[in-house]
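J.: Let me begin by handing over the structure; questions about it come next.
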Amino acid sequence: MAGTRISFTDEQAPCGKTVGGDHFLDDDDDGLLIRDEYYSCGCRRIRHEYHDGSIQVRAIRHDGKPVKDGYGPDHGC
Ligand SMILES: [Zn+2]
């Protein structure tokens, strides 16, 4: 799969800092959608939408600790 990388300059990382980084976007014909964010401080935010409508969201701080992101796969039904 060929993804798209888009730089950003001022976004809030999971650790709370406002930093720059890269968005990484990818999808395929089956409906999989990947939207990952890589922050310059080392934090990551991962969002994967699957063809059945389920969404996996994960935020990982630059120190390796997982972060509760305010919403999860069972939220918003
Ligand atoms: Zn961070």
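Every read-out reported here was derived from the displayed coordinates using simple, explicitly stated rules and does not represent laboratory data. All figures in this text were calculated on a predicted structure; none of them were measured in a lab. Virtual Cβ from ideal backbone geometry, glycine too; neighbours counted across all protein chains shown.
J.: Which residues in the range 41-64 place their backbone N less than 20 Å from a point set 7 Å from the Cα of residue 28 along the Cα-to-Cβ direction?
T.: 46-58
J.: About its Cα centre, what dipole magnitude does the range 4-67 give when the only charges are +1 on Lys and Arg Cβ and -1 on Asp and Glu Cβ, stated in debye to the nearest 20?
T.: 540 debye
J.: Please state the shape class of the chain: rounded when a/c is under 1.5, otherwise prolate if a/b exceeds b/c and oblate if not, all from the C-alpha gyration tensor.
T.: oblate
J.: Output the relative contact order of the chain, whole-number percent, from Cα pairs under 8 angstrom with separation of 6+ residues.
T.: Worked out over the chain, it gives 21 percent.
J.: What does the extension gain come out to for residue 2 and residue 68, with contour length at 0.36 nm per residue minus their alpha carbon separation?
T.: Between residue 2 and residue 68, full extension yields an extra 20.8 nm.
J.: Additional query: Determine the sum of side-chain charges near residue 24: Lys and Arg each +1, Asp and Glu each -1, restricted to other residues whose C-beta is under 15 angstrom from that of residue 24.
T.: -2
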